[in-house]
Structures are given as structure tokens and as C-alpha cells.
Amino acid sequence: MSHIYTSNYHTHTALCHHASGEIRDYAVAAVEAGLTTLGYSCHAPYPFNNGYVSWFRMLPNEAKAYADEINALKEEFRGKLDIKLGYEAEYYPLHFKDLLDLVNSLGCDYIILGQHFVNNEHDGSYSGDAMDGLAHVEPYVRQVTEAMRLGVYSYVAHPDLPPDMGMTDLYLEKMSEICRVSLETDTPLEINILGIQGNRQYPNDAFWKMVGEFGCKTVIGYDAHSPKALLDKDALARAFRMVDEYKLNYVEDITLKRPVLDVK
Ligand SMILES: [Zn+2]
Ligand SMILES: [Zn+2]
């Protein structure tokens, strides 16, 4: 089956200290790859109010430069590439409101959820760690589903970040809640191309087979940490093979959710 791929919303920049390339180079690569929409979603500038400094994200005082440069690129590429200003942001309950206040004060088109840590990073553990007895899958699922229910995340990046430790049945039983809440909240799930490129534990085939059975909306995200990653058509083809094999409900473009909490 042939597929069209026009929109990537998962793009990093060198500001996060583990990606390379100028911000503009990603837009140039996106045009070369034939994309019509490029969303920047570098690791969010979480304002931790306890002195903790994260090694893999831009600092809060770097957020303005990031937003300014992307806003300038929106103008420069107008008519060629629709550029969106976003962030990949964990849901860290203790700091989430401060994060939204910061990014919205600078303008923000969307956020995607990448729950790299369970709890608040400074008091949590890496979601992708191998854990005996799947110890953190349940808290991970709880946190991801709570985040989806906030209605501010446009999609979930690499939902299958925790490894299944060979306990596939138990893993799927716990992870199925993510599928249920994805449907309930109309939040797409992402097949992550960085995981494909790096032969990581995700995308997890058993998980995606289950996603296909549930019928959750599915997107493909490059999770580009270098401009040339956007040109990797082989990895994209592998993602589309999963779409076909597991009869995934692939959506070529998504509806962005406003990253603003409902004040009820
Ligand atoms: Zn990253
Ligand atoms: Zn990412």
C-alpha cells in the first residue's frame, strides 16, 4: 500500500544538548524531504523551582531565542513549509502549570507528550529503564493517561517507551489503558522513527498490534535529532510497514490541541 507523509511534528534542535544542526537546517531538510508541515518540538524548558537542572532540555532562559527563531522561520518559509512552534513535554505534575505559563507567554502552537520520566524527573526514574517485574509500567501508564485527559497534548510520542522485559502479556494488559484513553480523549499515538533508526525497544511490535486492534489514531514522528534524519526514507518505509501489518488507523495530519488548561 502506498502512503503519503507530509507532516512531521517531532523535531528537536541543538538547544537540548543532545541534537545537532541549526534550527533553520531542519526546515531546509524538511523541504528537501517533501514535507509541507514541520513542527518543532524540542525538549521543553521546564522551570524546576528546586534548583534541579536537567541535562537534556533547553533552559527556561533559552526559550525566547527558540521561539523567536522559529517565528522568523515561519515567515521565511511561508508558502513552502508550514512551520509550527511546539515542545515535547513530559507531564510533571509539580511543574506543569509553570511550564505552560512559560511556553504560552512566548506563543506555542502545540505540545506533544514524551513521558521520559515517571514522577517529576528529579524525583523519578527513566521510563525506558529495564525494570524487574515491569515495576514502573503501571505508574508510567497512570501518568500518561492522566496527561492525555488534560486535553492539552496533541499526541503521545513513543508511548511504548518502557521495555516489555519479555513479559509481553502482562505488559500489554497494563499498556492497554493507554489505548483506551487514547480513544476516549482522541489523542493519537506515535510510531517513533528514532526508535526504528536506533533499533531501540520501541516501536514494540506487540504493542502496535494491540493499537491496531483498538483502532487508535496513529501518527509517525521522526523525533529528528539531526536535520539529515528527516531524509531517512528507509526508516519511514519501515514505519509504514507497521501501519499496514497491524492495520493501524494512520492519520496523515493531526488536529492541534490548544496547550491551555481548562479552568473549571
Ligand atoms: Zn531528545
Ligand atoms: Zn523527542
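The values are calculated or read from the model by the stated rules, or taken from the named source; none is laboratory data. Values in this document were obtained by computation on a predicted structure and should not be read as measured data. Neighbour counts are summed over all protein chains in view; Cβ atoms, including those assigned to glycine, are modelled from backbone coordinates with ideal geometry. Only protein heavy atoms, including side chains, enter the accessible area calculation; ligands, DNA and RNA are left aside. Shrake-Rupley method; radii C 1.70, N 1.55, O 1.52, S 1.80 Å.
In terms of the Cα gyration tensor, with a ≥ b ≥ c the square roots of its eigenvalues, is the stretch 42-116 rounded because a/c is under 1.5, prolate because a/b exceeds b/c, or oblate?
Here the stretch 42-116 falls in the prolate category.
In the chain, what % of DSSP beta bridges are antiparallel (nearest 5)?
Counting DSSP beta bridges with both partners in the chain, the antiparallel share is about 10 percent.
Of the accessible area of the stretch 7-250, with the probe set at 1.4 angstrom, what percent is carbon plus sulfur?
50
Where does each of 225-237, 47-59 land if you order them by average Cβ count within 10 Å, highest first?
Descending mean neighbour count gives 225-237, 47-59.
With +1 on each Lys and Arg Cβ and -1 on each Asp and Glu Cβ, and nothing else charged, work out how big the dipole of the stretch 67-165 is about its Cα centre, in Debye to the nearest 20.
Rounded to the nearest 20 debye, it is 400 debye.
Would you mind working out the magnitude of the charge dipole of the chain relative to its Cα centre, with +1 at each Lys and Arg C-beta and -1 at each Asp and Glu C-beta, to the nearest 20 Debye?
Here the size comes out at about 440 debye.
Please name whichever of Asn249, His158, Gly79 sits farthest to the positive end of the charge dipole of the stretch 7-250, dipole taken about the Cα centre and charges placed at Cβ: Lys and Arg +1, Asp and Glu -1.
Of Asn249, His158, Gly79, it is Gly79.
If you roll a 1.4 Å probe over the heavy atoms of the protein chains, what accessible area per residue do you get for the chain, in Å²?
43
Report the Cα centroid-to-centroid distance between the stretch 63-123 and the stretch 163-234 in angstrom, as an integer.
Between the Cα centre of the stretch 63-123 and that of the stretch 163-234, the gap is 21 Å.
By its C-alpha gyration tensor, with a ≥ b ≥ c as the square roots of the eigenvalues, how is the stretch 116-264 shaped: rounded for a/c under 1.5, else prolate for a/b larger than b/c, else oblate?
Here the stretch 116-264 falls in the rounded category.
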